[in-house]
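A.B. asks: Below: one structure in structure tokens.
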Amino acid sequence: MIDAPGLSVAPCGPVLGAQVAGLRIDGSIDANLAAALRALLLRHKVLFFRDLDLDYEQHLALARVWGDLEGHPVIKHVPGYPEILDIRGSEGRVEDNAGNHRFQTLDKWHADVTFRASPSMGAVLRAREIPEIGGDTLWADAAAVYAGLPDAVKTRIEGLTATHDLLFDFGDRVAPERRAAIATEFPPQHHPIVRTHPETGERVLFVNASFTSRIDGMDETGSAELLAYLLDRFKVPEYQVRFRWTPNAVVVWDNRATQHYPVADYWPARRRMERVTIRGDVPFGPVAAGPVARE
């Protein structure tokens, strides 16, 4: 039992996700409440809060419960707040229905910023402007996905790494004159396909459709076939939870243990979110010794 003072917690499904009520952030977050929130996130992997009207400083304070914060090399931020990303759905990129179909292809199951040497630990996302219908987000449990793999596949991917590349997904959103500099600052990374969660010790499947370009050490055909199979496993509904956004809703998720999918089904309505990203650590595979406690 997690001691969560003043909080009411209701699981959203049998695999992951919990709706949390009673959180109020009037100033600093005390140590007991911070410890309870961290424990709840480790247990449920995604926490959903309704009617949590955060200003910018409160948004940052909530995210700092889990660690230091970071910005993003491509996505724009809120003016004056480099750690708060201003994520606008189709605005500026969709002018007609044909453009909407192209925009929909950009939405994929993914974990955030796995192109970094140290991908993010997690994120705190709040709704600023939501469509009347549509615009849900789904999360999948990457540990459940791994556990559900056939034993032969687990044996096959044990010890393998995969390439994660920023330009694999963001290439069309980076001006041509910036691509060389971006590639130098954020070179492709080679992360274990099976990652050990640093706090729980769970094994998670750590490839995603946005940034994983290939499996290392395999020919192109073999890499593409195996990667496609692994990515398809995140689409299984039994591993997922779906969230319908409402005004002032806030979601916190563990980026090391989940993937998410923002559904692009709301054009021509607008959708605007603000995300604060929590700095993470270097992924390691099952060969490393035991879970590591975060301070």
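A.B. asks: Looking at the stretch 210-229, is at least one residue part of a loop (DSSP other than H, G, I, E, B), in contact with a strand residue (DSSP E or B) (Cβ under 7 Å, 6 or more places away or on another chain) and crowded, with 16+ Cβ neighbours inside 10 Å?
C.D. replies: Our first condition is that a residue be part of a loop (DSSP other than H, G, I, E, B); within the stretch 210-229, this holds for 210-211, 216-219.
Restricting the remaining residues to those that are in contact with a strand residue (DSSP E or B) (Cβ under 7 Å, 6 or more places away or on another chain) gives 210-211, 216.
In the following step, the residues that additionally are crowded, with 16+ Cβ neighbours inside 10 Å were identified as 210-211.
Yes, the stretch 210-229 contains at least one residue that is part of a loop (DSSP other than H, G, I, E, B), in contact with a strand residue (DSSP E or B) (Cβ under 7 Å, 6 or more places away or on another chain) and crowded, with 16+ Cβ neighbours inside 10 Å.
A.B. asks: Inside the stretch 19-28, can you point out the residues that are open to solvent by 40 Å² or more (accessible area, probe 1.4 Å) and hydrophobic (A, V, I, L, M, F, W, C)?
C.D. replies: A21
A.B. asks: Could you look through the stretch 30-44, keep only residues that are surrounded by fewer than 18 Cβ atoms within 10 Å (Cβ to Cβ) and not charged (D, E, K, R), and pick out the one that is nearest to V276 (Cα to Cα)?
C.D. replies: Of everything passing the filter in the stretch 30-44, A34 is nearest to V276 (Cα to Cα).
A.B. asks: For the stretch 11-18, indicate whether the set of residues that are small (G, A, S), in contact (Cβ under 8 Å) with a residue 60 or more places away in the chain, assigned to a loop (DSSP other than H, G, I, E, B) and open to solvent by 20 Å² or more (accessible area, probe 1.4 Å) is non-empty. Outline the logic, then answer.
C.D. replies: Restricting attention to the stretch 11-18, the residues satisfying the condition of being small (G, A, S) are 13, 17-18.
Narrowing the set further to residues that are in contact (Cβ under 8 Å) with a residue 60 or more places away in the chain leaves 13, 17.
Then keep just the ones that are assigned to a loop (DSSP other than H, G, I, E, B); that gives 13, 17.
Add one more test, that the residue is open to solvent by 20 Å² or more (accessible area, probe 1.4 Å), and what stays is 13.
Checking the stretch 11-18: at least one residue is small (G, A, S), in contact (Cβ under 8 Å) with a residue 60 or more places away in the chain, assigned to a loop (DSSP other than H, G, I, E, B) and open to solvent by 20 Å² or more (accessible area, probe 1.4 Å).
A.B. asks: May I pose another question? Could you please find all residues in the stretch 178-203 being assigned to a loop (DSSP other than H, G, I, E, B), under 15 Å from R256 (Cα atoms) and either touching a strand residue (DSSP E or B) at 6+ places or on another chain (Cβ under 8 Å) or not β-branched (V, I, T) (or both)?
C.D. replies: Of the stretch 178-203, the ones assigned to a loop (DSSP other than H, G, I, E, B) are 186-188, 193, 197-202.
Imposing the further condition that a residue be under 15 Å from R256 (Cα atoms) reduces the set to 193, 197-202.
Matches in the stretch 178-203: I193, H197, P198, E199, G201, E202.
A.B. asks: Tell me the residue from L42, L37 that is modelled with pLDDT of 85 or more, part of a helix (DSSP H, G or I), out of contact with any helix residue (DSSP H, G or I) (no Cβ under 9 Å at 6 or more places or on another chain) and under 20 Å from M121 (Cβ atoms), please. Walk me through it before giving the result.
C.D. replies: Working: L37 fails: out of contact with any helix residue (DSSP H, G or I) (no Cβ under 9 Å at 6 or more places or on another chain).
That would be L42, the only listed residue that is modelled with pLDDT of 85 or more, part of a helix (DSSP H, G or I), out of contact with any helix residue (DSSP H, G or I) (no Cβ under 9 Å at 6 or more places or on another chain) and under 20 Å from M121 (Cβ atoms).
A.B. asks: Next question, about the same structure. Among the residues of the stretch 60-78, are any modelled with pLDDT of 95 or more, small (G, A, S), assigned to a strand (DSSP E or B) and open to solvent by less than 30 Å² (accessible area, probe 1.4 Å)?
C.D. replies: Scanning the stretch 60-78 turns up no residue that is modelled with pLDDT of 95 or more, small (G, A, S), assigned to a strand (DSSP E or B) and open to solvent by less than 30 Å² (accessible area, probe 1.4 Å).
A.B. asks: Right, next: Please determine, by comparing only the residues of the stretch 45-59 that are in a helix (DSSP H, G or I) and not charged (D, E, K, R), which one is least open to solvent (accessible area, probe 1.4 Å).
C.D. replies: Narrowing the stretch 45-59 to residues in a helix (DSSP H, G or I): 56-59.
With the extra rule that they be not charged (D, E, K, R), the set shrinks to 56, 58-59.
Values: Y56: 69, Q58: 42, H59: 1 Å².
Looking at the filtered set, the residue picked out is H59.
A.B. asks: Right, something else. Give me a count of the residues in the stretch 230-267 that are of a type in the set (D, E), at pLDDT 95 or above and either open to solvent by less than 20 Å² (accessible area, probe 1.4 Å) or part of a loop (DSSP other than H, G, I, E, B) (or both).
C.D. replies: Let us first name the residues in the stretch 230-267 that are of a type in the set (D, E), namely 232, 238, 254, 265.
Those left that are additionally at pLDDT 95 or above: 232, 238, 254.
Checking the rest, the ones that are also either open to solvent by less than 20 Å² (accessible area, probe 1.4 Å) or part of a loop (DSSP other than H, G, I, E, B) (or both) come to 254.
Looking only at that region, the number is 1.
A.B. asks: Of (1) open to solvent by 50 Å² or more (accessible area, probe 1.4 Å); (2) out of contact with any helix residue (DSSP H, G or I) (no Cβ under 7 Å at 6 or more places or on another chain); (3) of a type in the set (K, R); (4) not in a loop (DSSP other than H, G, I, E, B), R270 satisfies all except one. Which?
C.D. replies: Among (1) open to solvent by 50 Å² or more (accessible area, probe 1.4 Å); (2) out of contact with any helix residue (DSSP H, G or I) (no Cβ under 7 Å at 6 or more places or on another chain); (3) of a type in the set (K, R); (4) not in a loop (DSSP other than H, G, I, E, B), R270 violates only (4).
A.B. asks: So which residues in the stretch 111-126 are at pLDDT 95 or above and in contact with a Phe, Trp or Tyr (Cβ under 7 Å, 6 or more places away or on another chain)?
C.D. replies: Selection gives T114, M121, G122, A123.
A.B. asks: Shifting gears a bit: Of all residues in the stretch 112-167 being among the small types (G, A, S) and in a loop (DSSP other than H, G, I, E, B), which is most open to solvent (accessible area, probe 1.4 Å)? Show your work before the answer.
C.D. replies: From the stretch 112-167, those among the small types (G, A, S) are 117-118, 120, 122-123, 127, 134-135, 140, 142-144, 147-148, 152, 159, 162; that's our starting set.
Narrowing further to those that are in a loop (DSSP other than H, G, I, E, B): 117-118, 120, 134-135, 148, 159.
On the way: A117: 50, S118: 37, S120: 1, G134: 11, G135: 1, G148: 39, G159: 70 Å².
Among them, the one singled out is G159.
A.B. asks: Within 20 Å of the chain's Cα centre (by Cα) and hydroxyl-bearing (S, T, Y): is that true of S210 in this structure?
C.D. replies: Details: within 20 Å of the chain's Cα centre (by Cα): yes; hydroxyl-bearing (S, T, Y): yes.
In short, yes.
A.B. asks: Same structure, new question: Among (1) among the acidic types (D, E); (2) at pLDDT 65 or above; (3) assigned to a loop (DSSP other than H, G, I, E, B), where does E83 come up short?
C.D. replies: Answer for E83: the failing condition is (3).
The values are calculated or read from the model by the stated rules, or taken from the named source; none is laboratory data. If you're wondering where the values come from, they're calculated on a predicted model, not measured in any experiment. All Cβ positions, glycine included, derive from the backbone under ideal geometry; neighbour counts span all protein chains shown. Surface accessibility is based on the protein's heavy atoms, side chains included, excluding ligands, DNA and RNA. Shrake-Rupley method; radii C 1.70, N 1.55, O 1.52, S 1.80 Å.
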